[in-house]
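The values are calculated or read from the model by the stated rules, or taken from the named source; none is laboratory data. What you see is a predicted model; the values in this text were computed from it and never measured. Quick reminder, even Gly has a Cβ in these numbers, built from the backbone with ideal geometry, and neighbours come from all protein chains shown.
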Amino acid sequence: MREQAEGGPLVSRESEPAECSRDVTECDNPIPGSAAAELRDYHAAFNAARTAMALVDRDGRLLAANPALGSLLGTDPAGLADRRAAELVGLGGDERSRDAYQDVLRGARERLRRTCRLKSRDGHGMWAEVTIESLRQRDQGARSAGALLSVEDVTEQRELAARLRHLQMHDPVTRLPNRALFFERLSAALRSPTSGRVGICYLDLDGFKAVNDTLGHAIGDRLLAAVATRLLACVAEGGHLAARLGGDEFALLVEESQDTEQLVALADTVLSALQRPFDLEGHRLAVSASIGVVERPTAGTSPTCLMQAADTTLYWAKADGKARWTLFDPERNAHRMTRQSLSSTLRQAVERGEFVLEYQPLVALSGGALRGVEALVRWEHPQFGRLAPNRFIGLAEENGSIVQLGHWVLAESCRRARAWQKDHPDEPLFVSVNVAVRQVWDSDLVTDVAEILDETGLPPELLQLELTESAVMGSAGQPLQALHALSEMGVRIAIDDFGTGYSNLAYLSRLPVAALKLDGSFVRGFRSPEHPNPADETIVVALVELAHRLGLTVTAECVENAEQAERLRRIGCDTGQGWFYSRPVAAERISAMLGGR
C-alpha cells in the first residue's frame, strides 16, 4: 500500500532490503542470445555509475546489481540475486503500482517512476525515487527482455521540501498553521468518508487593536503568540487543529465533530482561557474573544459555505456584546440574507416602479371632517410580496437610496394631492410626507420640493413634511436652513412621534414647525375611561397646551376607538389618525371619501 509522508506525496510502504545480489558476470542463469550481449554492455556501466541500478528479468527477479545499489542499501550487491525487485523497493503494495510494474516487465509500458520509503545502509528510513525502465530485445521486436531498475536517494530533497512546506503553511508569529493549511485540512475533512460532521470555532480578539496601537506591534505579536499557546492547550486533549487565519483572527477545527455541544464546550473553554490576564514585558494585558460557532454534517457542505457561516456568526457575537460565543442560527441568517437582498435591490426597485403609496386619513376630532392624509410607501417585492416601510426604510437610509426613493414618494404624493384638489376644490386636503434626515443632507431638498410643486401645481400649503423629533431637535447648519426655506415657501413642517426623542422644548420656539404629531405610546393609555396611569394624560394635556400657545396644531396618532377620540378631543387635540378612522388605503378610496361615498 502507498502511504502519506508528512508534507509529501503518496509513496510506497517501507520494505526491508534483501541481503545481496550477484554481479551480472557471476549470474548462474544468464539471459541467452542478444539479451546476454545486452547485459554485458551494461556491465561496465554498472560498475562505473553513481546511480544505484539493477537488472530485472521478465519475472521480476534481480539478475544483477551494481555497487552503488549495494552501498545505498548497505549490503553486498552480489547477494541480491534472485530477489524480487517489487519486494526490494516496495512496488507490489498497491494494485495500481503492481499492475503498472507488470506492464513494464512485459514491455507494454516503457517506464514506471515511483517515490518509495526504503531503509538505508545505516538502518534508518530514506526516501528513494525508483524507476523501472523496460528493456526490449532487438531481434524479437517489441518483446521485453526485462527491465532496468534505478534507485536515487532523494531524502535531502524531500526533507528540504518538507521544511519549505512547513514555512509556507505556518504563521511565523504564532507558529500555528496558517490560513492555507487550515483550509487544506478543512477541505480534507469534508471529503473524508469517515467524517460525518465537522465544526469550527472562529474567533476574533476583542481589544487587540488598542494593544497594537498603544504598545506597538512587537507587544502585539507577543500577545498573539501567548494567545496561540493558550489555544493549543484548549485543543490538546481533543487533538483539534488551531490556526491563525490572519490579524487577530484564529480558528479551531474539529474534524470529526460529535455534536453542537462539543463545539460549545470548546468555545467556553477558550473564553475562560483568554479571560486570564497576559503578563508581557511588564505589561498586564486583558483581552477577550468573540467566537462564532458552526457545526454541521459534512455532506453537502463546502469550505466556502462553512466559513461564510462562521464569519456571519462571529459578526453576531461582536454585535451581541463581544466576549461571548454565538451559535449559527439558520433563521437569523435567513433574515440577514433577506436584508442584504433587499438592500442590494432597492435602487433598481425604484427604477422598476415596484413601490406604491397608501394614504391614511387625518381627521378633525371636532366634527370628523377629513383634513389631510399621510402618504405611506409600500414595496411590492416580486419575491417577498408587499413589504411595510419598517422592512426597508432603514436599509434605504443606510445605503443612501432613501434620496431616490424619497424623491419619488414626494413627487407621487404631490401629484395625487393635486388631483384631489382639482376634483374637490371646496374640500382642501393636505398630504403629509415623511422626510429622512439624509434627504436633507444628501440632496437639495428645497430645490426638489420647489420643482415638484411647480410641476404638479400643488399649492405649498397643501404639503406637509414630517421629520422625526430627534432629527428636527438636532438640526443645525444645512438642515435648519432647509427647514426655514421650506417654511418660507409655505410648506408645513411637522414633528413626527413627538415626545419620544430629545424633548428639548426650547427648540420649538426656534424651529419653523407648524404641527406636532403625538407618539402613539401616549394615546394608547386612553383606551378606557379609567386610565391606569393618570400621569400620561397630564403630560398630553401639557404638550397640547404648549403647542397651542406656540401656534402649532396637534395630531394624535394611533387612535383606535371612540373613547380615545373623545378624550383627546376634550384635551384639545386638533386631528386624529389611526385605525378608528381608517387603515392606510389606496388613493381611490380617499377620492371616494372626499366625494361623500
Residue check, Leu410 against (1) at pLDDT 90 or above; (2) in contact with an Asp or Glu (Cβ under 6 Å, 6 or more places away or on another chain); (3) of a type in the set (A, V, I, L, M, F, W, C), all met but one. Which one?
(2)
Which numbered condition in (1) surrounded by fewer than 13 Cβ atoms within 10 Å (Cβ to Cβ); (2) at pLDDT 65 or above; (3) touching a strand residue (DSSP E or B) at 6+ places or on another chain (Cβ under 9 Å) is the only one that Ala100 fails?
(1)
Can you find, within segment 308-331, the residue that is farthest from Gly292 (Cα to Cα) among those that are crowded, with 17+ Cβ neighbours inside 10 Å and polar (S, T, N, Q)?
Thr312
Scan of segment 203-225 for residues that are of a type in the set (A, V, I, L, M, F, W, C) and in contact with a Ser or Thr (Cβ under 8 Å, 6 or more places away or on another chain), ordered by number:
Leu203, Leu205, Leu224, Ala225
Find all pairs meeting these conditions: Cβ atoms under 9 angstrom apart; at least six residues apart or on different chains; first residue within segment 557-585 and on the phi > 0 side of the Ramachandran plot; second residue of a type in the set (S, T, N, Q) and part of a helix (DSSP H, G or I).
Cys558/Ser521; Cys558/Gln564; Gly578/Gln564
Take the conditions in contact (Cβ under 8 Å) with a residue 12 or more places away in the chain and more than 39 Å from the chain's Cα centre (by Cα) and apply them to Pro428. Does it pass?
yes
Could you please give the count of residues in segment 545-597 that are part of a helix (DSSP H, G or I) and farther than 16 Å from Gly372 by Cβ?
17
Residue selected from segment 426-459 under the condition under 18 Å from Leu362 (Cα atoms) and surrounded by fewer than 17 Cβ atoms within 10 Å (Cβ to Cβ), by the criterion modelled with the highest pLDDT:
Pro428
Sort out which residues of segment 259-288 are assigned to a helix (DSSP H, G or I) and either touching a Phe, Trp or Tyr at 6+ places or on another chain (Cβ under 6 Å) or crowded, with 20+ Cβ neighbours inside 10 Å (or both), and write them in order of number.
Leu263, Leu266, Ala267, Val270, Leu274
Scan of segment 75-110 for residues that are of a type in the set (A, V, I, L, M, F, W, C), in contact (Cβ under 8 Å) with a residue 60 or more places away in the chain and out of contact with any helix residue (DSSP H, G or I) (no Cβ under 9 Å at 6 or more places or on another chain), ordered by number
Val89
Got at least one residue in segment 314-330 being aromatic (Phe, Trp, Tyr), at pLDDT 90 or above, assigned to a helix (DSSP H, G or I) and within 20 Å of the chain's Cα centre (by Cα)?
yes
Odd one out for Lys422, checked against (1) surrounded by fewer than 16 Cβ atoms within 10 Å (Cβ to Cβ); (2) under 19 Å from Pro584 (Cβ atoms)
(2)
Leading residue by the ranking (surrounded by the fewest Cβ atoms within 10 Å (Cβ to Cβ)) among those in segment 215-258 that are under 18 Å from Ser195 (Cβ atoms) and more than 22 Å from the chain's Cα centre (by Cα):
Gly239
